[in-house]
Amino acid sequence: MSPFVSIIVPVYNQWNLVSDLLLCIERQSYREFELLLVDNGSSQGPALDQLSEGVRQLYCGAPGSYAARNLGASEAKGDLLAFTDADCMPSSDWLESAVQQYSRGANRVALVAGAVEMLPADATAPTLFELYDMALGIPQALYVKRGHAATANLLVPNHLFRDLGGFDSTRFSGGDTDFCRRAINSGAELIYCQEARVQHRARSSLDAHVKKVQRIKGGQLLHGSARTQFTSAVRSFLPPLRVWSRILRSPLLGVREKWSVCGLQFRLWGAEISEVIRLTLLRKAPRR
């Protein structure tokens, strides 16, 4: 019998993108699923037509995408939970590929992480900010090698999610890394599946990239052991040599584009240092 899947999508001020997501979900070759859209306190409500059968809309008043995912999971009917985001567009065989990968090991507890491809608005003329995401993006295969995965494309057994208490809902960033590592420590296996693909809209502005840097830094500095927090703070002041190296080695960028993207990374490094100071010295709250 095919496992039933609950697709869980937190939505925060991106309801204008959900119609494209719904089209992708409707085209799934795997049909044993439900879709839960969890509004996370958007300033503007959803502007959707009547929802299709099997699609439910929920509301989570607690801020943060992990809190929204937890609420969705608490209402889920599926044997498996499939996480993705409002700005993602899954391929038509996304669920089928992920479920097949999961089902290959009937006697194991496994999480399946799929590929995440960054998509510019215009593939013929991506902006500098989109090029940055295309070069660095969400390297899910690399993440899996390091023992974690992004919730932009992650399949989790429902029983394991419940047993581990779900995501840390106090986090605005890094909750997926924390959950994956807890799952692995409990004996679960984390598997990468290239065929289970989603496209993720590339960020198109400096502000969007800065907000991501600030959110990630808050997750690193306010959670985990004191040693981990201290190490993260110190590393923020070191030049991002590894990131520059990845940019310069990217096959997707031309020579001039590589240097431009490196320049953008320099600006984001400054935003990272500023956020460390804001969080540690000024004792400000983390940004969402």
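The values are calculated or read from the model by the stated rules, or taken from the named source; none is laboratory data. In this text the structure is predicted, and so the values were computed from the model without any measurement. With ideal geometry, Cβ positions are generated from the backbone for all residues, glycine too; neighbour counts draw on all protein chains shown.
When segment 1-60 is filtered for residues that are among the hydroxyl-bearing types (S, T, Y), modelled with pLDDT under 95 and farther than 23 Å from T170 by Cα, the ones remaining, listed by number, are S2, S19, S52.
A single member of S97, S65, S103, S92 is at pLDDT below 95 and either of a type in the set (D, E) or touching a Ser or Thr at 6+ places or on another chain (Cβ under 9 Å) (or both), and it is S103. Output the residue which, of all residues in segment 137-169 that are among the aliphatic types (A, V, I, L, M) and free of Cβ contacts under 8 Å to residues at least 60 places away in the same chain, is surrounded by the fewest Cβ atoms within 10 Å (Cβ to Cβ). If we take residues in segment 137-169 being among the aliphatic types (A, V, I, L, M) and free of Cβ contacts under 8 Å to residues at least 60 places away in the same chain, then L142 is surrounded by the fewest Cβ atoms within 10 Å (Cβ to Cβ).
Per-residue answers, yes or no, for (1) of a type in the set (A, V, I, L, M, F, W, C); (2) modelled with pLDDT of 95 or more; (3) in contact with a Lys or Arg (Cβ under 8 Å, 6 or more places away or on another chain):
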site	(1), (2), (3)
V112	yes, yes, no
V144	yes, yes, no
R197	no, yes, no
R215	no, yes, yes
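Under the condition of being in contact (Cβ under 8 Å) with a residue 40 or more places away in the chain, farther than 15 Å from R182 by Cα and not in a strand (DSSP E or B), the residues counted in segment 109-123 number 2. Pairs meeting the criteria (first residue in segment 50-71 and assigned by TED's automatic domain parsing to the domain that holds Q14 and closer than 25 Å to K212 by Cβ, second residue among the aromatic types (F, W, Y) and surrounded by 14 or more Cβ atoms within 10 Å (Cβ to Cβ), beta carbons under 6 Å, at least 6 apart or on different chains) are G64/F172; Y66/F167; R69/F167; N70/F167. Confirm whether N70 is part of a loop (DSSP other than H, G, I, E, B), closer than 18 Å to R288 by Cβ and either modelled with pLDDT of 95 or more or not small (G, A, S) (or both). No: the conditions fail for N70. Listed by position, the helices (runs of 4 or more DSSP H) inside segment 133-249 whose residues that are among the basic types (K, R), in contact with a Ser or Thr (Cβ under 7 Å, 6 or more places away or on another chain) and under 21 Å from C88 (Cβ atoms) number at least 1 are 206-221. Could you list all residues from segment 246-272 that are within 23 Å of the chain's Cα centre (by Cα) and either among the polar types (S, T, N, Q) or more than 16 Å from D133 (Cβ to Cβ) (or both)? Those that are within 23 Å of the chain's Cα centre (by Cα) and either among the polar types (S, T, N, Q) or more than 16 Å from D133 (Cβ to Cβ) (or both): S250, Q265, W269, E272. Of all residues in segment 92-103, at least one satisfies being among the charged types (D, E, K, R), assigned by TED's automatic domain parsing to the domain that holds E195 and assigned to a loop (DSSP other than H, G, I, E, B). Residue check: is L248 surrounded by 14 or more Cβ atoms within 10 Å (Cβ to Cβ) and touching a His at 6+ places or on another chain (Cβ under 8 Å)? Judged against the criteria, L248 is not a match.
Hey, could you check segment 121-180 for residues that are among the charged types (D, E, K, R) and in contact with a helix residue (DSSP H, G or I) (Cβ under 6 Å, 6 or more places away or on another chain) and say which is farthest from R242 (Cα to Cα)? If we take residues in segment 121-180 being among the charged types (D, E, K, R) and in contact with a helix residue (DSSP H, G or I) (Cβ under 6 Å, 6 or more places away or on another chain), then D168 is farthest from R242 (Cα to Cα). Across segment 175-195, the qualifying residues are those that are in contact with an Asp or Glu (Cβ under 8 Å, 6 or more places away or on another chain), touching a residue at least 24 places away in the same chain (Cβ under 8 Å) and not acidic (D, E), and the one among them that is surrounded by the most Cβ atoms within 10 Å (Cβ to Cβ) is G175.
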